[in-house]
Amino acid sequence: MSKNARADLLPRPARDERVDGAALAGTVRFEPVFTAVTSTRLEQAAARALRACGRDRGAAALPLTVDCGAAGAAFPALDDDESYVLALDDRGVRITAAEEWGVLRGLATLTQLCSGSEPLPARRIVDAPRFPWRGLMLDVARHFLPLEDLLRTLDAMAIFKLNVLHLHLSDDQGFRFPSQRFPALPSARHYRLAELDTLVRSAADRGIRVVPELDVPGHTASWLAGYPEWGSGGQGSSRRFGVHRACLDPTRGAVRAAVATLFSEVAACFPDRYVHFGGDEVHPQAWSQDPQIAAYMARHGLADSAALQARFTAHVVSVLTDLERTPIGWDEVLHPDLPAGVAVQAWRGATARDRALRAGCDCVLSAPYYLDLYYPADVHAGFDPGAPEAELLAREDALLEDPRFAHVAAGMAWTRQWRDAPEPPAATAPGRLLGAEACLWSELVNSQVLDVRLWSRMPALADRFWSPVSADPGDLSDRLDLALARLPAWAGVDVAGDVARAVRAAGVEDGWLPLVKQLEPVKWYGRLLGEEALAARLRGREMPASRPYDADTPLDRVVDMLPPESPAARQLAATLRAAAPGDRVADAQLRELAASWRRLPARAGPEELAAPAAALADVGDAILALLDNGIDVAEARRRLEAAAVPFGEYLLAPLPALLAWLERGSGRG
Ligand code: ACM
């Protein structure tokens, strides 16, 4: 269908056609009618969908006919049939699906379609997902996220047809799984078994699988706080961030037995077929400096740490296989000794995906979808999970040239070393790309900032994970803005409201609101590493242990709450991109904005914003002077470039687009 007709849906459906028939009035109420299979799950989902779009009340009622071919199992599974057909005209809406899961997806479409009050032309949507695994990983270990946050997240996930919530339940800073057999493991803040049961059931009612992760053998400092005898290389629980040396000692029978018991507890709690066992970032010195472990390695002919990890991985895999689960691990688990049947989550650059597939492992791609890197939505959405490796690599390379990342390009280049990871032996049959998963690591994410960090960009990724490859994602930004405006009603997620409240609470007064709208946090790991550790990493040195943040740092500054992508700057960039040199409308808009920047007071909030405020005021002044022919382009460029740098942890987001506009010859009188 025309681009316009698709502009209201995110993700875009596979097929969307205007059909003969009269338009559906914009304000009618719907009454669900189940013609075939029904269930409490479907009745509740229909009621939720109609509430979310405000069509559960109003005048005349039309039927919402649900024609469901078969009830689903108690819990969803990979490869469930999620396809559906939605047809609407002036007589009502009909959703037809072979299974409950498809009805749920159709109801999400209905909610999005019917949230406005305009009449809807007669229409038929025939839809199915591109990938069966469309996930979101939340790190609930570094900062705990209470159940209510997870339940709200499920509601929003369902709206965007995401179907896997991966919970990273343990890490150095916290252990959130309520082990009954090892009561010294759970941190002060952990989930109760009943809460996890509620979560898993609520997720199932939304067609969402919950995949649990206990990360072993690294990232286990929190385990050693309770059971120091299980460890090697280190201290107990930790509040700091970064890769730790502490690690489980896999040479001890008691450790292997405890891990087996823990995974059986996890499997009893989470019904999903997949259980994640981590396996990432084992510190190279975790085991090599322990004489007992070295002796074990010699005895068993294990040449290095990777071989020892592979032996431990084989143990975990056999435990999970005995529990009738499919093990999944981060891409470090790829090793010549990896048993068959393990799925791999590729996070270290684009090459990890194909290395896993060639080794015969099914794969979930996460490398381009790290939401904690503060990238704009278009950057993540540009990476098609199914694109050829060369295209993914070219996109990774292109980011290094993108002016939005100039301040961290050297750090991003550091990750190119991952392209040279060892190649495991090729399997006779390649693995299958299951789909993709966004990851939100929570060093700088807590309950207060979760929705802003997550939903400011996640809908664009959901589009990538569900929709067919399209040559024209040009309307993504409009659809994202529309979705964010409606998310408070759909799922109680209010990104703009949360930002506004937090900015006020951080002491920003009215005079600086035009400034805050244009700010973004520095990108990549710039905030987390801080300047000293970033420089050390780039020089290849051991990084200093001191970092700007640890797990106890309050997240109450303006930078903690800024959306990673400023919507105002995104809109300005779009206007400037579309404007021909001398375009009067664009110039008038820019003039107005520049005048508001020039008026910024020297002080109307926290001290750390004084420098970016002064810089943006100067940018406003320079733009006005240029438009009035008071300065030449070279002078304007010099002044804009002076503002296109980090101010501590802040960036002035519109600068790259303004500099590009200048280069294109705009603004010349
Ligand atoms: C990871 O980001 N360490 C999987």
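Figures for the structure shown
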{"read-out": "Residue check, Leu609 closer than 23 Å to Arg404 by Cβ and assigned to a helix (DSSP H, G or I)", "value": "yes"}
{"read-out": "Ile95 vs. criteria under 18 Å from Asp16 (Cα atoms) and touching a Pro at 6+ places or on another chain (Cβ under 6 Å)", "value": "no"}
{"read-out": "Considering residues of segment 405-459 that are of a type in the set (S, T, N, Q) and surrounded by 16 or more Cβ atoms within 10 Å (Cβ to Cβ) only, the residue nearest to the ligand (Cβ to nearest atom)", "value": "Ser442"}
{"read-out": "Listing of helices (runs of 4 or more DSSP H) fully contained in segment 454-526 that carry 1 or more residues being at pLDDT below 95 and over 18 Å from the mean Cα position of the chain (by Cα)", "value": "476-491"}
{"read-out": "Complete set of residues in segment 171-210 that are in contact with a strand residue (DSSP E or B) (Cβ under 6 Å, 6 or more places away or on another chain) and within 24 Å of Val243 (Cβ to Cβ)", "value": "Leu185, Pro186, Ser187"}
{"read-out": "Boolean, Ala246 is surrounded by 22 or more Cβ atoms within 10 Å (Cβ to Cβ) and in contact (Cβ under 8 Å) with a residue 60 or more places away in the chain", "value": "yes"}
{"read-out": "Subset of segment 203-256 that is aliphatic (A, V, I, L, M) and part of a helix (DSSP H, G or I) - its residue that is nearest to the ligand (Cβ to nearest atom)", "value": "Ala221"}
{"read-out": "Condition broken by Asp290, with the remaining ones in (1) in contact with a strand residue (DSSP E or B) (Cβ under 7 Å, 6 or more places away or on another chain); (2) more than 30 Å from Ile208 (Cα to Cα); (3) at pLDDT 95 or above satisfied", "value": "(3)"}
{"read-out": "Any strands (runs of 3 or more DSSP E) falling wholly within segment 290-399 and containing at least 3 residues that are in contact with a Gly (Cβ under 6 Å, 6 or more places away or on another chain)", "value": "none"}
{"read-out": "Selection count, segment 634-659, where residues are over 21 Å from Asp560 (Cα atoms) and either acidic (Asp, Glu) or at pLDDT below 95 (or both)", "value": "2"}
{"read-out": "Selection from segment 257-289 of residues that are in contact with a Gly (Cβ under 9 Å, 6 or more places away or on another chain), in a loop (DSSP other than H, G, I, E, B) and either more than 16 Å from the ligand (Cβ to nearest atom) or farther than 19 Å from Ser179 by Cα (or both)", "value": "Gly279, Asp280, Glu281, Val282, His283, Gln289"}
{"read-out": "Any hit, segment 61-69, residues being in a loop (DSSP other than H, G, I, E, B), surrounded by fewer than 18 Cβ atoms within 10 Å (Cβ to Cβ) and not small (Gly, Ala, Ser)", "value": "no"}
{"read-out": "Filter result for Gly511 (surrounded by fewer than 17 Cβ atoms within 10 Å (Cβ to Cβ) and under 22 Å from Thr153 (Cα atoms))", "value": "no"}
{"read-out": "Test: residue in segment 334-353 that is among the small types (Gly, Ala, Ser), within 11 Å of the ligand (Cβ to nearest atom), surrounded by fewer than 24 Cβ atoms within 10 Å (Cβ to Cβ) and modelled with pLDDT of 95 or more", "value": "no"}
{"read-out": "Residues within segment 41-60 that are in contact with a helix residue (DSSP H, G or I) (Cβ under 8 Å, 6 or more places away or on another chain), assigned to a loop (DSSP other than H, G, I, E, B) and at negative phi, tallied", "value": "2"}
{"read-out": "Matching option when the condition is in contact (Cβ under 8 Å) with a residue 40 or more places away in the chain and crowded, with 24+ Cβ neighbours inside 10 Å, among Val103, Val126", "value": "Val103"}
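The values are calculated or read from the model by the stated rules, or taken from the named source; none is laboratory data. Predicted model, so just to flag it, every value in this text is computed and none were measured. Don't worry about glycine lacking a Cβ; one is built from the backbone with ideal geometry, like all the others, and counts go over all protein chains shown.
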